[in-house]
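Contents: one structure, followed by commentary.
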Amino acid sequence: MNNEEKTVLQLRFTGSDEKVHTFSFPKAVSGLTSETIAEAMNTIATLDLFHRKGVTLYVTAVSGAYVKTTTQELYTV
């Protein structure tokens, strides 16, 4: 059986609804600094570009992280 590993850059923001919303980048450059991530997140928040059903999704930066997942195939036909 095969194992598949993926790394995604996840940026978390609070929206105008005060809920947490995640912006994911599956092909992000690895090794970005905290300063670079913070600057990018603040830029995304100030652009006010993303809305869904009357909610501004990315208002305030909360956190940024590389999230690594491993999929272990157990059974296939």
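Bear in mind these aren't lab numbers, they're just calculated from the coordinates by the rules spelled out. Quick caveat: nothing in here was measured; it's all calculated off a predicted structure. Note that each Cβ is placed from the backbone with ideal geometry, even for glycine, and that neighbours are counted across all protein chains shown.
What list of whole percents do you get for P(r) of the chain, with Cα-Cα distances grouped in 10 Å bins up to the one holding the largest distance?
Computed distribution, short to long bins: 18, 40, 24, 13, 4.
With a cap of 11 neighbouring Cβ atoms within 10 Å, and only residues DSSP puts in a loop, list the chymotrypsin sites (Phe, Trp or Tyr not before Pro) found in the stretch 35-77. Mind showing how you got there, number by number?
Working: sites: 50, 58, 66, 75; in loops: 50, 58, 75.
Answer in residue order: 75.
Return the lysines within reach of residue 27: Cα separation strictly under 20 angstrom, same-chain partners fewer than 8 residues apart disregarded; answer none if there are no such residues.
Counting by Cα, and skipping residues close in sequence, residue 27 has these lysines nearby: 6, 68.
Any idea how far apart residue 50 and residue 70 come out in nm if each label point goes 7 Å out from Cα toward Cβ?
2.9 nm
Among the GluC sites (Glu not before Pro) in the chain, which ones are in a DSSP loop with at most 11 other Cβ atoms within 10 Å of the Cβ? Mind listing them?
Numbers: sites: 4, 5, 18, 35, 39, 73; in loops: 18, 73.
Answer in residue order: 18, 73.
Sorting 29, 67, 8 on the 10 Å Cβ count, fewest up front, what's the list?
Starting with the residue having the fewest Cβ neighbours, the order is 29, 67, 8.
At a Förster distance of 22 Å, what's the computed FRET efficiency of residue 60 paired with residue 10, Cβ-Cβ distance as r, to 0.05?
E(calc), rounded to 0.05, equals 0.90.
Show which lysines lie in cross-link reach of residue 53 when reach means a straight Cα distance below 23 angstrom and same-chain residues fewer than eight apart are skipped.
Correct list for residue 53: 19.
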